2 protein chains.
Amino acid sequence: MNADPWEPPAVLLAVDLVILTLRDARLHVLLVERGIEPYSGALALPGGFLADAHEDIEEAARRELSEEAGLVDVHLEMLGVYGRPGRDPRGRVVSVAYLAIAPSLPEPIAGTDAASACWMRVDDVLSTQVDLAFDHRHIVGDGVERARAKLEQTALATAFCAETFTISDLQQVYEAVWGVRLDPRNFYRKVQNARGFIVAAGPMRRTENGRPARLFKAGPARTLYPPMVRSAQASAEDAGEAAAPVTAQGGQQT
Amino acid sequence: MNADPWEPPAVLLAVDLVILTLRDARLHVLLVERGIEPYSGALALPGGFLADAHEDIEEAARRELSEEAGLVDVHLEMLGVYGRPGRDPRGRVVSVAYLAIAPSLPEPIAGTDAASACWMRVDDVLSTQVDLAFDHRHIVGDGVERARAKLEQTALATAFCAETFTISDLQQVYEAVWGVRLDPRNFYRKVQNARGFIVAAGPMRRTENGRPARLFKAGPARTLYPPMVRSAQASAEDAGEAAAPVTAQGGQQT
DNA sequence: AGAATAGTGTCTTTCAGACATTATTAG
DNA sequence: CTAATAATGTCTGAAAGACACTATTCT
């Protein structure tokens, strides 16, 4: 089984980026219009092949992040590998997908060399409203699912925010990514109780419409304790059900 | 940036398996002795290259699982991609690691064609007691970390158990994987309260030393609610600590 | 004075952790 | 009987969800 003159098959290695951000309180993903076959003209995730045989995979992801989205120093983590035979008509292409989280920026996209890049609402992408090349819709779904899960247990939410932010800003992140409404008062308490999640950023404040809010910045904690738990409903969706009524009813006590 | 006659670099794609199981209440990982260069004679994770250019990656993982460990129908999930240039002296080899969970089986290994396979204690592997080829020690660490985390939120623990099991069996899984001691009475209650985690398997029972225990089988739930939380200590190890009470006094009202 | 948002407090239920107690087997 | 493990119960504190209330700004 070993010393054969057999040669293992070679594959082409690509990286694809699921870059998420918040725009007007909605979760968006960055897509580019493909300029070459296959799927020329279709929307796709930013990405590309390894530049050369010596490039590290994460390095390639950061390069594409910079080239195609003009982003540096953003959160980046490996999401998964997508290598189903036949997913790319050019041959055996295996793609390593990365999840990137970008803070809400005013400008559409910065120094992009693919000027065709645009932010699309994730709901539209996932609900067949928008067609994507390859299996990219599936990858986006996995990326969003990863983000949803990590918001519970880690401080990932701060990656969606600017250097400093208010607790409302942070709440918008949770609401947009989870697709739920949260009680501001309970949210406030929970965020404050999560040790090391956020720390006060000077005695500054900020103005908008009502009372000015305190500013915070990301704290030292990477994992949250206590975690930011989603309600039983949200988490238990795939829990097999029959899973007890959860007691929840309007609550008509007294 | 597109219509060049440029050719992207090709890589060799391998799969590596982190197969975890419980043996006498300890977490073990399956290793094989390499028969070929590089690292001939050294211990390594079971795995190998894609069989041909049309083989799906997970299919390759299941094939290796069967060939090298004689295991079928076990839990299998993608763990990550390890493709650092230079990790394999033969050239650019990118390895997709999978995490497999096998139930405790009496026999060492079944119909293995690599007769050199052996179960090693994970603690020994991770604490430099045992040398592994390539970056496989690192991969084992990632696999164990994944298992630890998933035990909290998912029903993964049942994958370590046989078809039916007692609550003590399940507790041993948690204790071995997390490396902690748990209170049997609290564990009993928590497991029972996790909706859909385990369901009674007939009114049968089993004998050992003390009172016979009820038998259960895995329930329908994939995610646990409420989750099986590790103590604050364990989870908050990297929580930054010194993490001030926040209380932020930007405005010292009153 | 609104309207709007920020921040605090309170009450009830659920669950985690510590630990007593009872139940059912083997010797 | 004792030893051993299984199963249930009880108490306390932490935290979640619902929601009243106060605080600080703008118009």
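The values are calculated or read from the model by the stated rules, or taken from the named source; none is laboratory data. Since the model is a prediction, treat every value here as computed from it, not as a measurement. Glycine gets a Cβ as well: all are built from the backbone with ideal geometry, and neighbour counts include every protein chain shown. Side chains are part of the model used for accessible areas, which takes the heavy atoms of the whole protein and leaves out ligands, DNA and RNA. Shrake-Rupley method; radii C 1.70, N 1.55, O 1.52, S 1.80 Å.
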The correct pair for region B:12-151, radius of gyration to one decimal and Dmax as a whole number, both in Å and from Cα atoms, is 13.9, 41
Sorting A:22, A:143, A:53 by the position of each Cα along the dipole of the protein assembly as shown (Lys, Arg +1; Asp, Glu -1; all at Cβ), the one nearest the positive end of that ordering is A:22
Among A:150/B:217; A:190/B:217; B:190/B:217; A:150/B:150, which pairs are too far apart, with a Cα-Cα distance over 24 Å?
A:150/B:217; A:190/B:217
I need the fraction of alpha carbon pairs in the protein assembly as shown separated by more than 36 Å, rounded to a whole percent.
40
What is the Å³ per residue value for the convex hull set by the Cα atoms of region A:154-242?
112
So if I take the centroid of the Cα atoms in region A:48-83 and the same for region B:1-77, what is the distance between those two points in Å?
24
Ordered shortest first, which distances in nm separate the 7 Å Cα→C-beta label point of residue B:35 from those of the other copies?
5.1
Low-density loop positions, chymotrypsin sites (Phe, Trp or Tyr not before Pro), region B:4-113 - DSSP coil, at most 11 other Cβ in 10 Å:
B:6
Return the calculated 222 nm mean residue ellipticity for chain B, to the nearest 500 deg cm²/dmol, obtained by summing -39500 (n - 2.57) across DSSP H runs with n ≥ 4 and dividing by the residue count.
-7000 deg cm²/dmol
Largest first, what is the accessible-area ranking of B:231, A:95 with a 1.4 Å probe?
B:231, A:95
Over the protein assembly as shown, with neighbouring protein chains present, the accessible area per residue in Å² at probe 1.4 Å is 50
Along its principal axes, what span do the Cα atoms of chain B show, with the longest given first and each in whole Å?
67, 66, 39
Cα centroid separation, region B:198-233 to region B:114-175 (Å)
19
Run through the other copies and list how far each one's label point is from that of residue B:193, in nm with one decimal, shortest first; the point sits 7 Å from Cα along Cα-Cβ.
1.5
How much accessible area does residue A:67 have with a 1.4 Å probe, in Å² rounded to the nearest 10?
70
Test item: Cα-centred dipole of region B:154-242, Lys/Arg +1 and Asp/Glu -1 on Cβ, debye:
560
For residue A:138, solvent-accessible area (1.4 Å; no DNA, RNA or ligand), Å²
110
Please go through region B:122-163 and write out the GluC sites (Glu not before Pro) that DSSP classes as loop and that have at most 16 other C-beta atoms within 10 Å.
B:163
Calculate one ³J(HN,Hα) per residue across region A:131-148 by plugging θ = phi - 60° into the Karplus curve 6.51 cos²θ - 1.76 cosθ + 1.60, and present them in order as whole Hz with x for glycine and proline.
9, 10, 6, 6, 9, 5, 5, 4, 5, 4, x, 5, x, 5, 4, 4, 4, 4
Return the average number of partner chain Cβ atoms within 10 angstrom of each residue Cβ along peptide A:220-231.
4
Suppose R0 equals 41 Å; then what is the FRET efficiency for residue B:87 and residue A:37 from their Cβ-Cβ distance, rounded to the nearest 0.05?
0.80
Output the residues of region B:73-91 meeting this criterion: accessible area (heavy atoms, 1.4 Å probe) in the chain alone minus accessible area with all protein chains in place is 40 Å² or greater.
B:78, B:81, B:85
First compute the accessible area of region A:39-168 with a 1.4 Å probe, then give the percent of it belonging to carbon and sulfur atoms.
50
When the expected Rg is taken as 2.2 N^0.38 Å, what fraction or multiple of it is the alpha-carbon Rg of region B:1-93?
1.31
Just checking the output field for A:5-14: average partner chain Cβ neighbours within 10 Å of each residue's Cβ?
6
Accessible area (Å², 1.4 Å probe, nearest 10) - residue B:134:
40
At the nearest 100 Å², what buried accessible area, both sides summed, do you get for A and B when the probe is 1.4 Å?
4200
With charges set only on the Cβ (+1 for Lys and Arg, -1 for Asp and Glu), what does the dipole of the protein assembly as shown come to about its Cα centre, in debye to the nearest 20?
2940
